[in-house]
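Report on the following structure.
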Amino acid sequence: MIAAGISGAAGLAVAAKLADRYGLIPPDWGGVWGPGETLTYASQRILTAHHSMAREFKRSDISKVAQVSGDPPRRDPYQMLLRGGFASWRLKVDGLVARPASLSIAELKRLPQASQITEHTCEEGWSYVAEWTGVALSTVMNLVGVLPAAKYAVFFPFDEGWDSVDMADAWHRQTLIVYAMNGEDLPPEHGAPVRMKVPRQLGYKSVKFMSRIMFTDTLKHIGKGLGSSSPEVGYSWYAGI
Amino acid sequence: MADSVYSPAISIRQSDSSTVPRHSAVVRVTHWINTISFIGLVVSGIGILLAHPRFYWGETGGVGGPSLFDLPLPFMLGGPSGWGRYLHLQSAWLSILNGMVYAASGFVSRHFGHGMATSYSVTQRSTYLSVIFVFFPLMIWTGLAMSPAITSVFPFLVDVLGGHQTARTLHFFCAIVLVMFAFVHIAMVWRAGFLKHIGAMIKGEL
């Protein structure tokens, strides 16, 4: 019985070490929901390891109505930038990168364009299909030279809803920095001037009203150290569900 | 006619039963773990449902578009349902891991074949087997079909059903079937002698 207990604990310790090494432990692994979260994240990271692609749709599948969650920030500097047509807006890209950058809309639009028709799935239960156009995050990551030590891409918006993804989703071909939706400039309610699109996770990972992308090797010192603002208000960090 | 009472999980042959274990240790332990995870799934499922008590058919659906049916509840009753998802997935893992132990031991011990055939009526047996082999797997399938990460690996899971919202609606219908089963199950155990049969599911003996 004691031997079984010791070997069980040793087995768990080895498993935890391996899981951490291969990036299978979510930042909100602690606490009462930790076991379920870790099992979900680890198993889905193993399953999606071949860079599986979120389902894409036909143009005729695009939803006529796209439900909105959350209003644009009411305060400056967002309101000031909105009034100015985002002419002075810049997307800061920094952290563990060789060449930090500050990109305007025009500069983003000069980069190779990426487009996808995917489903936006809200954790509340509703969903819609839309065409998202922008730049692959990986394009910008190559531009700034993300350092090998980076383990997470952190998305900071103009409101409080910051979030982060691991490198598997950051490098993923469908993870976009979006400036247009269904062929038009991204409207304010959908995250103008730029939002993220992470179609293999629930909608809240696709952060709206973007201001800054930061690459880091640890999330411990941002917010409450849970990886994003989502766990701070009760939602799981990993939203592949 | 006491021994013809529909008594789920209990042998209806009551003679000379005091020394024969009614339920193996595996059946007893997995039954109660399943009870805990089922309560967790129902409570958290209601929590998630309250955020958006509308149902759709096909791929997409939301406010401003047509619905299949609306429950007479406001949106976001109970506030953000993040806790619901945490609890739902944790309970689902418990339920699936526990269910795998139950199913594996059931096949090895021939519980589903010989064991059930000798101690349950045809109605009982088909009800149990359909819950275990139809509705429980359907619940897992429709649940996984709502995961954007899982469907990136196995798109057919959702495509076969006809879309994300169809999966969500079927998940809801399946949940209702399972909750109804649980109520009938408890009612029948109550009729057959609640404490005695609860004791049998704890200690193994009637």
(message) Looking for something within 13 Å of chain A (Cβ to nearest Cβ), in a strand (DSSP E or B) and under 22 Å from the mean Cα position of the chain (by Cα) - is there at least one such residue anywhere in the stretch B:55-70?
(response) yes
(request) Pairs only if they're at least six apart or on different chains, beta carbon under 6 angstrom, first in the stretch B:61-72 and surrounded by fewer than 13 Cβ atoms within 10 Å (Cβ to Cβ), second assigned to a strand (DSSP E or B); list them, first residue then second. (result) B:Phe69/B:Phe55; B:Asp70/B:Arg54
(request) List the number of the failed condition for A:Ala54; all other conditions in (1) touching a Pro at 6+ places or on another chain (Cβ under 6 Å); (2) small (Gly, Ala, Ser); (3) exposed (fewer than 15 other Cβ atoms within 10 Å of the Cβ) hold. (result) (3)
(message) Please pick out the residue among B:Leu170, B:Leu138 that is among the hydrophobic types (A, V, I, L, M, F, W, C), within 14 Å of another protein chain (Cβ to nearest Cβ) and under 25 Å from B:Thr60 (Cα atoms).
(response) B:Leu170
(request) Determine which single condition A:Glu160 fails, assuming it passes every other condition in (1) modelled with pLDDT of 95 or more; (2) over 22 Å from A:Gly84 (Cβ atoms); (3) not in a strand (DSSP E or B). (result) (1)
(request) Return the residue satisfying two criteria in turn: it lies in the stretch B:76-108 and is outside any helix (DSSP H, G or I) and out of contact with any helix residue (DSSP H, G or I) (no Cβ under 7 Å at 6 or more places or on another chain), and of such residues it is nearest to the other protein chains (Cβ to nearest Cβ). (result) B:Pro80
(request) Taking the options B:Val177, B:Val122, B:Val108, B:Val160, name whichever one is surrounded by fewer than 17 Cβ atoms within 10 Å (Cβ to Cβ) and either under 30 Å from A:Ala54 (Cα atoms) or in contact with a strand residue (DSSP E or B) (Cβ under 8 Å, 6 or more places away or on another chain) (or both). (result) B:Val160
(request) Could you tell me whether the stretch A:210-219 includes any residue that is over 15 Å from the mean Cα position of the chain (by Cα) and away from chain B (no Cβ under 14 Å)? (result) yes
(message) Any residue at all in the stretch A:55-71 that's within 14 Å of another protein chain (Cβ to nearest Cβ), part of a loop (DSSP other than H, G, I, E, B) and of a type in the set (Asp, Glu)?
(response) yes
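The values are calculated or read from the model by the stated rules, or taken from the named source; none is laboratory data. Not measured: the values here are computed from a predicted model. Note that we place each Cβ from the backbone using ideal geometry, even for glycine, and neighbour counts take in every protein chain shown.
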